[in-house]
């Protein structure tokens, strides 16, 4: 029934003993309508991830934080963000929503594993809140990126899915064409027609973008970042990165440059 409170539980040590106050579990003051509101907001929030709606998930998350997870003893901290257990619950819900939305499992794992490391390094509530929000945006963007592939032909979609999941390894055009059972020349023409760039240009842009994110958000060395994004020769990576961003990786890290 509306306006009915949650069940309350009391720990009894015997049938003939009086109830001991210290054994009482704190009674909930939430009404039925408040509980329904909370679940509706959670479902709306997860729906925004599944739909790949980045702006929508930002609004949904902010609304959840401000309206439904406030605790008197924790100020404005959310139940999901107060500790690693709460963050694990949110992470699980969000990654399953992203998977339902069509995001690649490899990409989901990359995002969530990175968020775990950042959460462990966070020292203040504001830092953990940023990690939480960044993870949700990244997962939702992954869904959006996956859905954007629907506009391409089956061949190009297959190539893009493979490249997006394996850009950290060596990728050769003739390997891609073999996977699609077409000639390298035909793949290059089809790729150029649908994306406006060559496969090599696409892979380079993807690698440098990821490298830029790592330069801004990690303490990894330039050499380690180069190797991570698929360049065994760090000097060559520096040349490629500078051509794309107009700065060396080190200068990019020091400067206030937005990610592109």
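The values are calculated or read from the model by the stated rules, or taken from the named source; none is laboratory data. Owing to the predicted nature of the structure, the values given are computational and were not obtained by experimental measurement. Virtual Cβ from ideal backbone geometry, glycine too; neighbours counted across all protein chains shown.
Assorted remarks:
- Hits in the stretch 159-199 (condition: assigned to a loop (DSSP other than H, G, I, E, B) and more than 27 Å from residue 138 (Cα to Cα)): 172, 181, 182, 183
- Filter pass, residue 220 being farther than 26 Å from residue 158 by Cβ and not in a helix (DSSP H, G or I): yes
- Matching option when the condition is surrounded by 17 or more Cβ atoms within 10 Å (Cβ to Cβ) and either part of a loop (DSSP other than H, G, I, E, B) or modelled with pLDDT under 90 (or both), among 142, 146, 138: 146
- For residue 202, the requirement of being in contact with a helix residue (DSSP H, G or I) (Cβ under 7 Å, 6 or more places away or on another chain), closer than 24 Å to residue 150 by Cβ and either part of a helix (DSSP H, G or I) or modelled with pLDDT under 95 (or both) is met.
- Per-region count, the stretch 206-260, residues touching a residue at least 60 places away in the same chain (Cβ under 8 Å) and touching a helix residue (DSSP H, G or I) at 6+ places or on another chain (Cβ under 6 Å): 2
- Any chance residue 153 is more than 24 Å from residue 227 (Cβ to Cβ), without any contact (Cβ under 8 Å) to a residue 12 or more places away in the chain and exposed (fewer than 15 other Cβ atoms within 10 Å of the Cβ): no
- Residue match in the stretch 87-94 (condition: farther than 19 Å from residue 114 by Cβ, part of a helix (DSSP H, G or I) and modelled with pLDDT under 90): no
- Residue selected from the stretch 90-107 under the condition more than 21 Å from residue 41 (Cβ to Cβ) and in contact (Cβ under 8 Å) with a residue 12 or more places away in the chain, by the criterion surrounded by the most Cβ atoms within 10 Å (Cβ to Cβ): 103
- Members of the stretch 215-239 found to be surrounded by 19 or more Cβ atoms within 10 Å (Cβ to Cβ) and over 16 Å from residue 169 (Cα atoms), listed by number: 215, 222
- Filter result for residue 248 (modelled with pLDDT of 90 or more, buried (at least 19 other Cβ atoms within 10 Å of the Cβ) and on the phi < 0 side of the Ramachandran plot): no
- When restricted to residues that are surrounded by fewer than 16 Cβ atoms within 10 Å (Cβ to Cβ) and under 8 Å from the mean Cα position of the chain (by Cα), the stretch 108-135 contains 1.
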